[in-house]
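Here is the structure we will look at.
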Amino acid sequence: MTKRKSLVLALEPSPSAAEVTGTAETEAETTTGITSQTTEEVGTVDPAALLDYTCPANIGIAINDRDGFFEWYDHDTAQHALKANSSEFEDFLDEKYGAWGITPNEHKALNANWIHWYGDHLLHSESRTIYESACGTGLTLFIIIQLLYEQYDITGIEAFGNEYIAEDVVTANRYYDWAVEHYPELDLRKGRICRGDSTNLTSFVPTNAFDIVMTGYIDPIDDPLHLGISDDQKHRQWCKSKNETKQALMKEEQEEMNGWFALWASQMISLVKPGGIVIIESISKPRCEVGDWGGVSKEWWAQAIQEYEWDTQLGIDPASLEIIDFDPSSQYEGLLSASLDIIDFDPPTHYNGLQDRYNVKMTKRKFDSIVFLLFKDKNVFYARTLTDNNVEGRHHLSSLFNALDAGFECKIKLCVFDVCLCVRVRKIII
């Protein structure tokens with residue numbers, strides 16, 4: 001059995017496997033005869049009220065902001081900031097940006113391969129809010145908004161986001177203010193674009209609030225074990241080494257990277273509405289496989305849904321996982337390998353830049369009604385759910401209440417000792 005890990009939204013530790021097993025008999029006795037309840041009588045929440053939040057005044061230093069990693073973006077950041085100060089935005093879509101080595105319009109041609117993820121979802125959505133984690137200057141989300149208009153005739157997108165680099169936050173806000181006026185056909189609305197750490201979004205951004213939460217790239221941690229081998233040539237030697245100590249350290253380094261990607265993705269999942277989708281673009285593969293800056297394998301995502309409890313704690317439907325190659329036609333083969341000075345990693349394996357990256361989509365489940373039972377074990381409350389589609393699960397109570405924080409209501413109707421029946425929950429996802 002895979003050990004499951006909780007990264008966020010827990011005030012107390014999740015129960016261990018032993019604790020869960022130990023409470024199974026108690027739960028079986030107390031769940032007998034419980035039936036689903038109607039939820040129509042509970043009041044609705046104004047979505048606009050949820051999205052009126054305040055940007056943090058200050059943020060701490062990000063875990064991956066060390067050893068000059070973000071200096072990689074300095075040139076593009078400075079160039080765009082200079083033009084933003086003069087409101088010179090006309091050529092932004094035809095200039096290289098975000099250390100991609102391609103322009104937004106060239107990037108747009110790649111996005112067209114998976115724009116159906118966005119379009120098919122928003123065509124059936126009552127609202128049209130998109131949040132971009134690590135939005136940079138905002139251009140990646142903007143070209144997606146353009147594609148939605150051009151291919152789906154979808155307008156009225158309300159754009160939100162966060163970015164760690166302060167200069168890019170200023171540029172993004174100025175660009176969207178300009179774009180609202182200069183692209184009237186999009187009926188674009190600018191929401192909050194804040195300076196913020198993508199691994200700490202729930203400290204200031206509403207949860208369960210956006211139709212789509214996406215990111216164009218997850219910045220990895222450079223040299224997470226402080227081994228002093230961030231240089232590509234040195235790192236490659238460690239990956240290929242037959243030394244058991246080096247092999248063990250490379251395995252540990254990848255585990256750290258897995259945890260980093262899980263933390264980032266968990267924050268995104270927390271922000272998306274029940275029934276909404278999470279899209280992570282341009283995911284790098286593990287560094288010991290292809291080089292690059294470091295990432296996770298395609299196979300890791302299905303494992304992560306279980307291991308980090310995205311299914312039970314955050315509501316991700318495991319069956320919803322989809323993966324698409326970032327550059328399926330190899331249009332930009334070798335693009336980043338030249339700029340990163342990467343040669344053949346381990347022939348015949350070769351790093352092909354954007355061609356070796358991929359995208360992931362996941363959907364958060366939406367329940368129309370739910371009944372759950374609260375029980376106490378070792379002074380920590382847990383909840384067992386019985387939903388209208390017969391899905392059952394055990395949830396730590398702090399995660400349950402986090403799901404309620406968007407204005408949903410739970411009223412305790414009956415308590416016997418430490419066991420309480422809770423009913424009247426409207427469209428709750430746990």
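The values are calculated or read from the model by the stated rules, or taken from the named source; none is laboratory data. The structure displayed is predicted, hence computed values, not measured ones. No Cβ is skipped: glycine too gets one built from the backbone with ideal geometry, and neighbour counts run over all protein chains shown.
Per-structure values
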quantity	calculated
Residue within region 293-313 that is more than 30 Å from residue 247 (Cβ to Cβ), surrounded by fewer than 24 Cβ atoms within 10 Å (Cβ to Cβ) and of a type in the set (Asp, Glu) present	yes
Index of the failed condition, residue 210 passing every other in (1) of a type outside the set (A, V, I, L, M); (2) in contact with a Lys or Arg (Cβ under 9 Å, 6 or more places away or on another chain); (3) free of Cβ contacts under 8 Å to residues at least 60 places away in the same chain	(3)
Subset of region 267-292 that is of a type in the set (D, E, K, R) and in a helix (DSSP H, G or I) - its residue that is surrounded by the fewest Cβ atoms within 10 Å (Cβ to Cβ)	289
Cβ-Cβ under 7 Å pairs, at least 6 apart or on other chains, region 83-99 side farther than 14 Å from residue 171 by Cβ, far side at pLDDT 70 or above	94/103; 94/105; 96/102; 96/103
Residues located in region 175-191, provided they are buried (at least 20 other Cβ atoms within 10 Å of the Cβ) and touching a residue at least 60 places away in the same chain (Cβ under 8 Å)	175, 179
Selection count where residues are modelled with pLDDT of 95 or more and either assigned to a helix (DSSP H, G or I) or more than 13 Å from residue 359 (Cα to Cα) (or both), scope region 114-126	9
Filter result (in a loop (DSSP other than H, G, I, E, B) and of a type in the set (Asp, Glu)) within region 145-178	153
